[in-house]
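Have a look at the structure below, then the notes.
The values are calculated or read from the model by the stated rules, or taken from the named source; none is laboratory data. These figures come from a predicted structure and were not determined experimentally. Here the Cβ positions follow ideal geometry from the backbone for every residue, glycine too, while neighbour counts run over all protein chains shown. With ligands, DNA and RNA removed, areas are computed over all heavy atoms of the protein, side chains included. Shrake-Rupley method; radii C 1.70, N 1.55, O 1.52, S 1.80 Å.
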Amino acid sequence: MSRAYNFCAGPATLPEPVLRQARDEMLDWRGTGMSVMEMSHRSDEFVEIAETAEKDLRELAGISEDYSVLFMQGGASSQFATIPLNLLGDKGCADYINTGIWSKKAIAEASRYADVNVAASSEDSGFTTVPLQETWHTRADAAYLHYTPNETIGGLEYDFIPDSGAVPLVADMSSTMLSRPLDISKFGLIYAGAQKNIGPSGLVVVIVRKDLLGKARAETPTMMNYQVIADNGSMYNTPATYSWYLAGLVFKWLKEQGGVGAMEQLNRRKSAKLYDFIDRNDFYANPIDPRFRSWMNVPFTLADDRLNGDFLQGAEARGLLNLKGHRSVGGMRASIYNAMPEAGVDALIDYMAGFAKEHG
Ligand SMILES: *Cc1c(COP(=O)(O)O)cnc(C)c1O
């Protein structure tokens, strides 16, 4: 069977050349007679793999030496607790912006450790828009300001970077990291679960400004202490070696594609095509304020929910997989991360047009 177009929100499709290379290197990585999976994380070979991945990520994302890059475990969700434990310091309070399900999860977890102030929320709108910064009630004495630049489930994405003044800005970039150029210097901390735009699940990349290290609460588990992880080159314990290696292959692939600038053009084009089609076709609808529509996750509904099953079945028969929307919002969702080729979006639109004609 040939490769299908996989629109899953995460774990998401990976670049085919990356998977091919991983396959070719599976049994014998460059004459070592071992799979990367079987290597000691302390071996020269693996240390080189790990360091190259970090170097390539720094180059791709424009990460200066003012920041540590950590390859941690437990996915993005573990960071919901790790962040307050490390960044609260002697402040005790943090500000959060609530724009959807991932924001809410981050808020709920942080509330176990911190006095959390939800400085703004778009819940009243059903999370179809981003509250403008003029309306936020942030606190100057907050330890940090947390937001979710792309709400993966709702399909809602900020088109601006909040100005947090002297308060460190913290961003959950799980589903938007490396999708376009970004000014890292505006952030105190960025974290991203790997399984959307970076690599396999379980791995989480944390980019943290070095002056924010070393403030973890005394009870912070060692494995969650950024300072410890940074001091040990993300090898305090056995890291997720194979995921790290695959992330490195993705970074190389991204560089070959022309980097995040080329991704921006591609992602802008892919998402514009899909939204334009949805807007022009009465059979489909997307509820998000057009200004804040996500480039990465495109939710849409059919004119009649009773056709959802038929739609999904027909899509699957054509190799268009995982279009079912999140259980909390229903409808459909097409996730079109970096690794989704434009041809995949074209094939989806083609199918949607035919389906609407037949059932509309
Ligand atoms: C997927 C996702 C998460 C959760 O990632 P896990 O690795 O499953 O913990 C958190 N935040 C956002 C924005 C996501 O897209």
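Some values worked out for this structure:
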| read-out | value |
| --- | --- |
| Proximal charge balance of G330 [Cβ under 11 Å; K/R count +1, D/E count -1] | +2 |
| Charged-residue dipole, Cβ positions (Lys, Arg, Asp, Glu), segment 17-256 about Cα centre, Debye nearest 20 | 240 |
| Per-pair calculated FRET efficiency, R0 = 45 Å: R23 and E219 via Cβ, rounded to 0.05 | 0.55 |
| Formal net charge of residues neighbouring N86 (Cβ-Cβ distance under 10 Å; K, R +1; D, E -1) | +2 |
| Once the Cα gyration tensor of segment 17-256 is diagonalised, semi-axes √(5λ) in Å | 32, 20, 15 |
| Nearby aspartates and glutamates by direct alpha-carbon distance to K252 (threshold 19 angstrom, same-chain neighbours under 8 apart not counted) | E16, D24, E25, E45, E48, E51, E54, D56, E59, E264 |
| Cα centroid separation - segment 78-157 against segment 194-225, whole Å | 17 |
| Listed peptides 71-78, 59-66, 263-270 by packing density, highest first (mean Cβ within 10 Å) | 71-78, 263-270, 59-66 |
| Size of segment 1-75 as Cα extents on the principal axes (Å, biggest first) | 46, 34, 24 |
| Pairs beyond 25 Å (Cα-Cα), from K196/K270; K105/K270; K186/K215; K105/K324; K210/K270; K105/K215 | K105/K270; K210/K270 |
| Highest-first arrangement of 23-36, 6-19, 317-330, where packing means the average Cβ count within 10 Å | 6-19, 317-330, 23-36 |
| Rounded percent of accessible protein surface that carbon and sulfur make up, the chain, 1.4 Å probe | 49 |
| Candidate aspartates and glutamates - alpha carbon under 13 Å from K104, same-chain residues fewer than 8 apart omitted | D95, E123, E151, D172 |
| For the chain, accessible area per residue (1.4 Å probe, heavy atoms of protein chains only), Å² | 43 |
